[in-house]
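Visitor: Starting off with a structure, shown below.
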Amino acid sequence: MLIDSFNRQVNYLRISVTERCNFRCQYCMPEKPFSWVPKENILRFEELFAFVKVCIDEGINKIRITGGEPLLRENLDTFIQMIYSYKPTIDLAMTTNGYLLKANAQKLKDSGLKRINVSIDTLQPDVARQIAQKEVLTQVLEGVNEARRVGLKVKINMVPMKGLNEREILDVLEYCKARDMSVRFIEYMENIHAKVNIKGMKSDELLAIIAVKYHFEDVGFDTHSPSHYYRLDDGYIFGIIEPYNDAFCSTCNRIRLTAEGLLIPCLYFDEAMSIKEAVQQGNIAEAALILKEVVRTKPEKNRWGDTEGEISKRAFYETGG
Ligand code: SAM
Ligand code: SF4
């Protein structure tokens, strides 16, 4: 079992399989990064899998594939199948922008993927174009339909931003509610890669908008989920991810692996250790030691709520959010 210095059990690994993306979301990577990581620096699936096995053997029981856009990586279903075959009971999920989902949903389902989170920040084609800097909405919505049709459990993520999609909180909530899909509103997290004038919306602003139409009660947190949950009178539950709130960190159970093999203890800070050399040399004992060291050094909390804090240098497209 992996326990950090603040007595939190770490059982969740997020793997960013590529930093590349077919969108340029303004809150994530407004321009193409200065240079993409060259393909030869990216760990092969066999190398990532060697590390995944170490993690599972040490107690990781939840894995999320993310990116960049994970569906840009060729043969992703083979990688998912490798993990699933090693431990079929693993909670295996993916976060995607949904653009390539229609063509891939069945393959993903067949490979052992159980759940999928799709980022939908708006239901208006022109707003989607403005946020992603590309014509995307029709294809994303078709991807969601197909994922549901093949039996994947779908959740929606929305990042509410002032002046962009702030009028669509209820629309997105109702789109999800009508389809019995969960929605999670993610408070925008400032970082140096996002467009400078982005202004996120905080939990209390979102709740005030929802309260105009619905009565709801605060049902608190699930163990190990960063979401703060609320229940409408008809039983529908929605979540808000509040990185500015200390509760976000006090139950944190996750570490992150980048496509280049950097193992990251906290989304906010720059610190990381590389497992690349260890897995490329087949040194599994060393990979296990690095895993334990990264867990040991997990910081107590992020600095998003800290007005003295610098803006995070972490790129969401690199860490996978
Ligand atoms: N490309 C995929 C997607 O967009 O779903 C997966 C990677 S993306 C980095 C993972 C999640 O991080 C998405 O739900 C996205 O909305 C969220 N995200 C990216 N930048 C963010 C930011 N600055 N603040 C809050 N959430 C962010
Ligand atoms: Fe790409 Fe996802 Fe970042 Fe948007 S949020 S630019 S889809 S990685």
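Each value in this text was obtained by applying a stated rule to the coordinates, not by laboratory testing. Everything numeric here is computed off the predicted structure, so don't read it as measured data. Backbone-built Cβ (ideal geometry, glycine too); neighbour counts: all protein chains shown.
Visitor: What length, rounded to one decimal in nm, is gained on full extension from Leu232 through to Val196, with 0.36 nm per residue of separation minus their alpha-carbon distance?
Guide: On the way: separation 36, 0.36 × 36 = 12.96 nm, distance 3.49 nm.
Between Leu232 and Val196, full extension yields 9.5 nm more.
Visitor: Counting other Cβ atoms within 10 Å, keep those with at most 12, restrict to DSSP loop, and tell me which chymotrypsin sites (Phe, Trp or Tyr not before Pro) in region 1-78 are left. If you can, show how the numbers build up before the last one.
Guide: Working: sites: Phe6, Tyr12, Phe23, Tyr27, Phe34, Trp36, Phe45, Phe49, Phe51; in loops: Phe6, Phe23, Tyr27, Phe34, Trp36.
Loop-located and lightly packed - Phe6, Phe34.
Visitor: Relative to the present Cα-Cα distance, how much length would full extension add between Met181 and Thr78 at 0.36 nm per residue of separation? Could you put the intermediate results ahead of the total?
Guide: Values: separation 103, 0.36 × 103 = 37.08 nm, distance 2.71 nm.
Length gained, Met181 through Thr78: 34.4 nm.
Visitor: In nm, what is the difference between 0.36 nm times the number of residues separating Glu277 and Lys162 and their Cα-Cα distance? Working shown, then result.
Guide: Values: separation 115, 0.36 × 115 = 41.40 nm, distance 4.36 nm.
Taking Glu277 through Lys162 to full extension adds about 37.0 nm, to one decimal.
Visitor: OK, next. Express as a percent, rounded to the nearest 5, the fraction of DSSP beta bridges in region 12-314 (both residues included) that run antiparallel.
Guide: Values: 15 of 45 bridges.
So the antiparallel bridges in region 12-314 amount to around 35 percent.
Visitor: Another one. To the nearest 0.05, what FRET efficiency results for Arg149 and Thr297 with a Förster distance of 56 Å applied to their C-beta separation?
Guide: Values: r = 43 Å, r/R0 = 0.78.
It comes out at approximately 0.80.
Visitor: Could you quote the convex hull projected area for region 130-215, Cα atoms only and averaged over all directions, in nm²?
Guide: The number I arrive at for region 130-215 is 6.6 nm².
Visitor: For region 216-306, what size does the Cα cloud have along each of its three principal axes, sorted from largest down, in whole Å?
Guide: Taking max minus min along each principal axis of the Cα atoms, region 216-306 gives 56, 29, 20 Å.
Visitor: Along the charge dipole of the chain, Cβ charges K/R +1 and D/E -1, which of Thr18, Asn104, Tyr230 sits furthest on the positive end?
Guide: After comparing all options, I get Asn104.
Visitor: Report the Cα centroid-to-centroid distance between region 130-161 and region 258-321 in angstrom, as an integer.
Guide: So the separation of the two Cα centres works out to 28 Å.
Visitor: A further question follows. Taking each pair of distinct Cα atoms in region 1-151 once, what is the resulting Kirkwood hydrodynamic radius in Å?
Guide: On the way: mean 1/r = 0.0606 Å⁻¹.
With all distinct Cα pairs of region 1-151 included, I get 16.5 Å.
Visitor: Just to check I understand the Karplus step: with θ = phi - 60° and J = 6.51 cos²θ - 1.76 cosθ + 1.60, what whole-Hz values come out for region 187-202, glycine and proline as x?
Guide: Along region 187-202, the couplings run 4, 4, 10, 4, 7, 5, 8, 6, 4, 5, 8, 5, 10, x, 10, 8 Hz.
Visitor: In addition: Springs between alpha-carbon atoms under 10 Å, Gaussian network over the chain: tell me which of Ser35, Ser182, Ser119 tops the mean-square fluctuations.
Guide: Maximum among the listed residues: Ser35.
Visitor: On to the next question. With Kirkwood's inverse mean 1/r over C-alpha pairs for Rh, give me the Rg to Rh ratio of region 91-145, two decimals please. Display every interim value, and only then the final one.
Guide: Numbers: Rg = 11.9 Å, Rh = 11.7 Å.
Radius of gyration over Kirkwood radius for region 91-145 works out to 1.02.
Visitor: Mind computing the radius of gyration and Dmax over the alpha-carbon atoms of the chain? Å is fine for both.
Guide: My reading of the Cα-based Rg and Dmax gives 18.8, 59 Å.
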